[in-house]
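Structure incoming, see below.
The values are calculated or read from the model by the stated rules, or taken from the named source; none is laboratory data. Quick caveat, the model's predicted, so the values are computed rather than measured. Please note: Cβ atoms are built from the backbone with ideal geometry, for glycine as well, and neighbour counts cover all protein chains shown. Calculation scope for accessible area: heavy atoms of the full protein, side chains included, ligands and nucleic acids excluded. Shrake-Rupley method; radii C 1.70, N 1.55, O 1.52, S 1.80 Å.
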Amino acid sequence: MNFSFEQLLAFVTVYNERSFSKAAVKLNKHRTTIGQVVTNLEDQLAVSLFERIGRSVEPTEDGELLYHYAKQTIEQARTFDKVALSLSYGGLENITIAYSSVIPHKALSDIRLQLAKDFPMMRVNFIVRNKSQIKQGLQSGEIHFGLVNVHDSRAIHSLDATFLGHLEFLAFVQKGGVLSKLKSDKAIATLSRERQFVLRSLVEEGMRDKVVLSSEHEEVDQLALIIKMVGLGLGWTLLPKSIVRSKHVSEDVEILKVDQMIEGFKFGMALWCPHSKQISDIKKTILKAVHTFIDESAAAAAAAAK
């Protein structure tokens, strides 16, 4: 059966927008054109994809089923196009790595150090972005790699995604401060009334219910600023357990033992990048640095537990 990329794209866009007019605007086409493209697809498939209800449309049962396959086909076609395009290019002299603000700075500096060894002449830019911004930047070509929080992520996309493992978040308080003296079985009740600093990116990515434990909470963009404020005794926070490896951090804050949080909250992290031949070697270097960081963090945690 022959059908075109244009037909599938029109079908998926109309499905998403629930309107031929809105789909036409999004695809920069005339409404009549989009309507005819979808009708032609229905004729070829001998299936009705939509129920026309006035100016809006609703997918039929068959349309609901075919939508997911059509979307996957579009993403695969885009991946094919990107991979083919990348084959015609040489190596990169300048890359941009976007990362979620929850990523420990030690992991980022380890990545930069390994890149400096393997690609000494390459310029590397690091920028903080949320998951949605990273995906858009990767698709537009403005970002080459993204270190993202993939908690509860089910999106279908054309990116190369490598799962890195989980970041474990525990309660941190001022070292030697008032909160550090709380008994583990009473800690959660007290923390729920004390000022909590929360990374804004965690809230933006739909994890408010998991990370906001206090009625008195404030959102902060930067991990370093939260550490500074907690170190001054202004409140407490949930931070990646691995930050205790940073000397300047461990001097100001410490983990608070909480009976209800023995293992902490765990969020999945992944490395996203385009399917591209020209960045495959760079990806290997980044993964090498990340895995070394994870192994060293695990060893440090095991040693601290003894």
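Only residues in region 113-130 that are among the small types (Gly, Ala, Ser) count as the first member; pair them with residues that are outside any strand (DSSP E or B), Cβ under 9 angstrom, at least 6 apart or cross-chain, and list the lot.
As it stands, the answer is Ala116/Met122, since those pairs meet every condition given.
Continuing with this model, one more query. Just one of (1) at pLDDT 75 or above; (2) part of a helix (DSSP H, G or I) trips up Lys82, so point out which.
Only one criterion in (1) at pLDDT 75 or above; (2) part of a helix (DSSP H, G or I) is unmet by Lys82, namely (1).
Only residues that are open to solvent by less than 80 Å² (accessible area, probe 1.4 Å) and without any contact (Cβ under 8 Å) to a residue 24 or more places away in the chain: list them for region 177-196, please.
Of all residues in region 177-196, those open to solvent by less than 80 Å² (accessible area, probe 1.4 Å) come to 177, 179-180, 182, 184, 187-192, 194, 196.
Within region 177-196, Ala189, Thr190, Ser192 meet the criteria.
Out of Gly165, Gly146, which single residue is farther than 16 Å from Leu238 by Cα, in a strand (DSSP E or B), in contact with a Cys (Cβ under 9 Å, 6 or more places away or on another chain) and open to solvent by less than 40 Å² (accessible area, probe 1.4 Å)?
Values: Gly165 fails: in contact with a Cys (Cβ under 9 Å, 6 or more places away or on another chain).
Going through Gly165, Gly146 in turn, just one is farther than 16 Å from Leu238 by Cα, in a strand (DSSP E or B), in contact with a Cys (Cβ under 9 Å, 6 or more places away or on another chain) and open to solvent by less than 40 Å² (accessible area, probe 1.4 Å): Gly146.
For the structure I just gave you, tell me whether Ala224 is touching a residue at least 40 places away in the same chain (Cβ under 8 Å), open to solvent by 30 Å² or more (accessible area, probe 1.4 Å) and assigned to a helix (DSSP H, G or I). I'd like the intermediate steps shown before the answer.
Working: touching a residue at least 40 places away in the same chain (Cβ under 8 Å): yes; open to solvent by 30 Å² or more (accessible area, probe 1.4 Å): yes; assigned to a helix (DSSP H, G or I): yes.
Criteria met by Ala224.
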